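The values are calculated or read from the model by the stated rules, or taken from the named source; none is laboratory data. Source: prediction; values computed, not measured. Ideal geometry is used to build each Cβ from the backbone, glycine not excepted, and the neighbour counts take in all protein chains shown. Side chains are part of the model used for accessible areas, which takes the heavy atoms of the whole protein and leaves out ligands, DNA and RNA. Shrake-Rupley method; radii C 1.70, N 1.55, O 1.52, S 1.80 Å.
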Amino acid sequence: MVVRRPPGRRAQILAVAADRFHRSGYHQVSMTEVAAGVGITAPALYRHFRGKPELLDRTLRLGLDALADGLRGARTTAEVGAALAAVAVAHRPLGTLVQRDARLLPSARRAALRRELRADVALMTAVLRAERPELDEPDAQLLCWSALSACAGLSYQSAAPQPRRAEALLRELVAAVLAVRLDGTAPDALPEPPEPRPRARREELLAAAVRLFHRHGFDNVSTDRLGAAVGISGPSVYRHFDSKAHLLAASLVRSRERLWHEVDGAIAAAEGPDRALAAGLHGYVGFALRNGDYLGAMLSETERLAPADRRAAVDFRRDFLRTWVELLRGVRPEQDAAAARIRVHALFALVNDGVRNRPHSDRPDLGDCLLRLGRAVLGVA
């Protein structure tokens with residue numbers, strides 16, 4: 001007797017894998033878990049995919065192919081916005097998988113993914129410059145990357161929004177981003193850093209850990225490397241922290257404390273909702289420009305924390321988001337909480353990507369650009 005595989009089994013597997021990777025992180029998901037989600041055995045799953053790396057690659061491929069197909073048919077910026085919004089809603093895990101988990105692919109696949117995204121942005125840029133010929137290439141590319149990031153922000157919502165409504169709002173956000181004027185932007189005028197002073201070795205390790213974990217990944221940073229970054233031996237790290245995992249948790253806590261102090265302090269010192277939102281935006285952009293490594297580590301390494309530390313990190317993000325949603329609704333009371341969440345997630349994704357993605361992260365006017373883009377996605381431009 002011939003046993004036929006149910007139609008669409010590979011599609012089922014990819015959908016379950018994307019959801020599991022999105023919710024828990026690549027490292028926390030096993031092939032057995034994916035198989036159980038589909039209702040098959042692990043050996044049956046291996047008949048479709050050789051292993052977890054191939055499964056991650058194919059889940060990314062599915063979303064990226066849909067994005068490329070949509071953009072190839074776009075002839076206007078409105079059609080670009082429709083394509084981006086449709087993919088963001090239909091392939092909601094894609095943003096997280098690209099920004100967090102794609103770095104775990106083999107180097108050749110990572111390079112191919114980056115080339116594909118650059119090709120997508122080139123398509124968008126050509127459409128945008130046809131409608132806005134006054135834009136030079138770097139400015140047009142920054143706007144297009146920012147539109148892509150804003151839509152990817154939907155991936156970070158804990159609950160799926162109503163699809164049609166989310167798609168309509170994302171189209172609106174893309175239109176707002178692509179209409180931002182970048183002429184007359186000013187070089188960043190951030191406060192001068194304080195005079196260097198001796199720091200405790202523990203604080204030096206915390207700063208080095210955030211930088212190294214973001215740039216190389218938790219698994220690729222040894223205690224020897226951490227120690228060398230601050231001029232001590234690898235074993236000496238254990239005089240300050242019980243384990244590498246403890247160091248990761250402590251470094252993310254310290255960075256969260258600084259983020260809250262800077263941004264919430266700026267909001268609390270402002271008078272009235274409009275000024276509070278403007279102060280919060282300035283505070284967040286300023287923090288991001290100085291602390292891109294923390295924002296990257298927060299995104300990519302939170303899943304490596306112990307359960308209690310991971311819950312604390314997730315709770316902080318939830319509280320921080322709630323603060324911003326309330327802040328935005330104080331300025332735009334006609335926005336309900338669902339719409340405000342989409343806008344705030346778009347802001348965070350746009351700024352976090354903007355300070356980390358070269359060559360745009362090297363722009364001397366990046367802070368001013370991000371402020372203008374941030375106001376656009378919040379709808380207060």
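From the list 168, 130, 140, 160, which residue is surrounded by fewer than 16 Cβ atoms within 10 Å (Cβ to Cβ) and more than 27 Å from residue 322 (Cα to Cα)? So that I can check it myself, show each step before the final result.
On the way: 168 fails: more than 27 Å from residue 322 (Cα to Cα); 140 fails: surrounded by fewer than 16 Cβ atoms within 10 Å (Cβ to Cβ); 160 fails: more than 27 Å from residue 322 (Cα to Cα).
After applying the criteria, what remains is 130.
Look at the range 360-381: where a residue is over 16 Å from residue 173 (Cα atoms) and a partner is open to solvent by 30 Å² or more (accessible area, probe 1.4 Å) and among the acidic types (Asp, Glu), sitting 6+ places away or on another chain with Cβ atoms under 9 Å, you get 363/188; 364/188; 365/188; 366/188; 367/188; 368/188. Do we find that residue 115 is out of contact with any Lys or Arg (no Cβ under 7 Å at 6 or more places or on another chain), within 25 Å of residue 299 (Cβ to Cβ) and loosely packed, with under 14 Cβ neighbours inside 10 Å in this structure? In short, yes.
For every residue, the table says whether it meets (1) assigned to a helix (DSSP H, G or I); (2) crowded, with 20+ Cβ neighbours inside 10 Å; (3) of a type in the set (S, T, N, Q).
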position	(1), (2), (3)
263	yes, yes, no
271	no, no, no
277	yes, yes, no
280	yes, yes, no
285	yes, yes, no
293	yes, yes, no
298	yes, yes, no
308	yes, no, no
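Scanning the range 1-18 for residues that are assigned to a loop (DSSP other than H, G, I, E, B) and either of a type outside the set (A, V, I, L, M) or at pLDDT 90 or above (or both) gives 4, 5, 6, 7, 8.
When the range 259-304 is filtered for residues that are of a type in the set (Lys, Arg) and modelled with pLDDT of 90 or more, the ones remaining, listed by number, are 275, 290. The set of residues in the range 33-74 that are open to solvent by 40 Å² or more (accessible area, probe 1.4 Å), closer than 25 Å to residue 159 by Cα and over 27 Å from the mean Cα position of the chain (by Cα) comprises 36, 39. For residue 220, the conditions (1) of a type outside the set (Asp, Glu); (2) closer than 23 Å to residue 27 by Cα; (3) surrounded by fewer than 17 Cβ atoms within 10 Å (Cβ to Cβ); (4) over 22 Å from the mean Cα position of the chain (by Cα) all hold with the exception of (4). Can you tell which of 355, 380, 344 is hydrophobic (A, V, I, L, M, F, W, C), out of contact with any strand residue (DSSP E or B) (no Cβ under 6 Å at 6 or more places or on another chain), crowded, with 19+ Cβ neighbours inside 10 Å and modelled with pLDDT under 95? Just one listed residue meets the conditions, 355.
Scan the range 75-88 for residues that are crowded, with 18+ Cβ neighbours inside 10 Å and acidic (Asp, Glu) and jot them down. Even if it seems obvious, please write down each step before you answer.
First pass over the range 75-88, keeping only residues crowded, with 18+ Cβ neighbours inside 10 Å: 77, 80-88.
Selection gives nothing.
Restricting to the range 39-58, name every residue that is hydroxyl-bearing (Ser, Thr, Tyr) and within 20 Å of residue 104 (Cβ to Cβ). Before the answer, list the steps.
Pass one, the range 39-58, residues hydroxyl-bearing (Ser, Thr, Tyr): 41, 46.
If the condition is that a residue be hydroxyl-bearing (Ser, Thr, Tyr) and within 20 Å of residue 104 (Cβ to Cβ), then 46 is the only one that fits.
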